[in-house]
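Here the structure comes first, spelled out in structure tokens, and everything after it is commentary.
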Amino acid sequence: MAYLAGFGHYLPARVVTNAEIGARVDSDPAWILSVSGIEERRFAADESLVDLAVKAGEAALASAGVVAAELEMVMVATGTSPRNFPGPAVSVAERLGATPAAAIDLPMASAGSLFGLALAARLARGPILVIGAEKMSGVVEREPLEKGVAILFGDGAGACVVHPSRGRLRVIDSEICSDGAFAEDLKLEQGQPLLMNGRSVILQASRKIPAVISAVLTRNELSATDVPVFLMHQANQNLIDRVAQTLGIDSTRFFSNIRRYGNTSSASMLIAASEWFAADDSPPLTPVVFAAFGAGFNWGALLTETHA
Amino acid sequence: MQTVAKRNVSPDPDESLFDSGLLDSFALTDLVSGLEAEFGITIPDRDLNPRKFDSINRIVEYLENQG
């Protein structure tokens, strides 16, 4: 296994409040907060998906003390690539100065950065930069505006350097899973509105996320009560609370920034990790668990411990 | 249903539990867990289509099909 050596994130400057988005979909700001835990999100104006990804990637490289020329691989997870091919990874790698490192796209919403971390930890022979970047504003603004979709999402990017030999978090174990039987329940086709069967998403996520976290913890002789910090995809505060309740722990153990940024899909878990990493003062050798769930459905969990 | 809806309810057997406001996404999760505990069964995730649990009659039909 490998190490998580540094994190970074980038959020566009424009703040979109519940009042602004609510006015567009005839929704009360307080109702949006109650069903999602979101008060505001960020929308990029002139910045592209690649711009967001590059800024987060640069921050993660600086945090890890790695220069782009050292990178063995760059992975970019996104569900909002503006074109089918080439995906954003090659442009991001080129802009960062990582050429000729392999640039790999993970066209996965929400769970993409978790899959990227798990794969990178298994593959790393040199430093691998994993980025989750999303420009969801271009999606939620597609007509017809759907209230349940428009209120949730925001733009942003998060990144992590996975290193084979050093870093503050050592990767212990991971499990990543997929079930295409639910592919129609959350999907985005090019140029089309996002389609979401919210009941199915919540129902499946409420069961699958605690189950996969428990599976990874159990085989490492740990329980949820042993874990002080969970860094989960910021989909919905009510879902985060539900996962904590199912695991039998207080939801304050789940780092949350969804109130400020909304659901930034594949970027959200790494944005949360970056903010936690920058502020963390936890003692050595405490478990930290990452988890995510998204379209596909794809889901998984990754267990790390802080490393002196 | 009383437990999940957090009040005394007696829905019509064919009434949509979602449309009537008795169930929301998270309450459905509680309902499924309650059915598993009450009937001593494990409902596979693949069977968890919200439509299968949208009325009392549909829930009964699902449970009867489990034998």
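The values are calculated or read from the model by the stated rules, or taken from the named source; none is laboratory data. All of these numbers come straight from a predicted model, not from anything done at the bench. Neighbour counts run over all protein chains shown; Cβ positions are idealised from the backbone, glycine included. All accessible areas refer to the heavy atoms of the entire protein, side chains included, with ligands and DNA or RNA removed. Shrake-Rupley method; radii C 1.70, N 1.55, O 1.52, S 1.80 Å.
Per-residue answers, yes or no, for (1) away from chain B (no Cβ under 14 Å); (2) farther than 17 Å from residue A:207 by Cβ; (3) in contact (Cβ under 8 Å) with a residue 24 or more places away in the chain:
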| site | (1), (2), (3) |
| --- | --- |
| A:232 | yes, no, yes |
| A:242 | no, no, yes |
| A:246 | no, no, yes |
| A:250 | yes, yes, no |
| A:264 | yes, yes, yes |
| A:269 | yes, yes, yes |
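Cβ-Cβ distances below 9 Å connect the following pairs, each with a first residue in segment B:45-56 that is at the interface with chain A (Cβ under 10 Å from one of its Cβ atoms), a second residue that is part of a loop (DSSP other than H, G, I, E, B) and surrounded by 16 or more Cβ atoms within 10 Å (Cβ to Cβ), and a separation of six or more residues or different chains: B:50/A:197; B:50/B:18; B:50/B:23; B:53/B:17; B:53/B:23; B:54/B:17; B:54/B:18; B:54/B:23. One residue stands out in segment A:85-122 among those that are within 20 Å of residue A:190 (Cα to Cα) and more than 21 Å from the chain's Cα centre (by Cα): the one that is least open to solvent (accessible area, probe 1.4 Å), namely A:86.
Scan segment A:78-96 and report the pairs whose first residue is under 20 Å from residue A:263 (Cβ atoms) and whose second residue is modelled with pLDDT under 95 and part of a helix (DSSP H, G or I), with Cβ atoms within less than 7 Å and a gap of 6+ or a chain change. Within 7 Å, the pairs are A:80/A:138; A:80/A:139.
Can residue A:256 be described as free of Cβ contacts under 8 Å to residues at least 60 places away in the same chain and either more than 26 Å from residue A:14 (Cβ to Cβ) or open to solvent by 10 Å² or more (accessible area, probe 1.4 Å) (or both)? I'd like the intermediate steps shown before the answer.
On the way: free of Cβ contacts under 8 Å to residues at least 60 places away in the same chain: no; either more than 26 Å from residue A:14 (Cβ to Cβ) or open to solvent by 10 Å² or more (accessible area, probe 1.4 Å) (or both): yes.
The answer is no for residue A:256.
One residue alone among A:164, A:210, A:193 is at pLDDT 95 or above and either within 28 Å of residue A:10 (Cβ to Cβ) or more than 14 Å from every other protein chain (Cβ to nearest Cβ) (or both), and that residue is A:164. Taken over segment A:6-21, the criterion of being in a loop (DSSP other than H, G, I, E, B) and among the aliphatic types (A, V, I, L, M) is satisfied by A:11, A:13. Can you tell me which residue in segment B:22-44 is nearest to residue A:202 (Cα to Cα), limited to those that are more than 12 Å from every other protein chain (Cβ to nearest Cβ) and open to solvent by 30 Å² or more (accessible area, probe 1.4 Å)? Residue satisfying both the conditions and the ranking: B:34. For segment A:43-65, residues that are surrounded by fewer than 23 Cβ atoms within 10 Å (Cβ to Cβ) and closer than 16 Å to residue A:270 by Cβ total 5.
Taking the conditions exactly as written (within 11 Å of chain B (Cβ to nearest Cβ) and touching a residue at least 40 places away in the same chain (Cβ under 8 Å)), does residue A:200 satisfy them or not? Answer is no for this residue. Looking across B:19, B:12, one residue alone is open to solvent by 60 Å² or more (accessible area, probe 1.4 Å), more than 13 Å from chain A (Cβ to nearest Cβ) and more than 11 Å from the chain's Cα centre (by Cα). It is B:12. Residues that are closer than 26 Å to residue A:84 by Cα and of a type in the set (S, T, N, Q) were ranked within segment A:172-231; the one that is nearest to the chain's Cα centre (by Cα) is A:178.
Could you please let me know if residue A:292 is over 18 Å from residue A:41 (Cα atoms) and either part of a loop (DSSP other than H, G, I, E, B) or aliphatic (A, V, I, L, M) (or both)? Walk me through how you get there before you give the answer.
On the way: over 18 Å from residue A:41 (Cα atoms): yes; either part of a loop (DSSP other than H, G, I, E, B) or aliphatic (A, V, I, L, M) (or both): yes.
Considered against the rule, which asks whether it is over 18 Å from residue A:41 (Cα atoms) and either part of a loop (DSSP other than H, G, I, E, B) or aliphatic (A, V, I, L, M) (or both), residue A:292 comes out as yes.
Considering each residue of segment A:213-222 in turn, at least one proves to be closer than 27 Å to residue B:52 by Cβ and either free of Cβ contacts under 8 Å to residues at least 40 places away in the same chain or within 14 Å of chain B (Cβ to nearest Cβ) (or both). Residues of segment B:48-67 being within 17 Å of residue B:30 (Cα to Cα), in a helix (DSSP H, G or I) and open to solvent by 40 Å² or more (accessible area, probe 1.4 Å), which ones? Hits for segment B:48-67 are B:51, B:52, B:56, B:58, B:60.
Tally time: how many residues in segment A:21-48 are acidic (Asp, Glu), free of Cβ contacts under 8 Å to residues at least 24 places away in the same chain and in contact with a helix residue (DSSP H, G or I) (Cβ under 9 Å, 6 or more places away or on another chain)? Even if it seems obvious, please write down each step before you answer.
Looking only at segment A:21-48, we keep the residues that are acidic (Asp, Glu), and these are A:26, A:28, A:39-40, A:46-47.
After this cut, where a residue has to be free of Cβ contacts under 8 Å to residues at least 24 places away in the same chain as well, the list is A:28, A:46.
So of that shortlist, the ones also in contact with a helix residue (DSSP H, G or I) (Cβ under 9 Å, 6 or more places away or on another chain) come out as A:28.
Result for segment A:21-48: 1.
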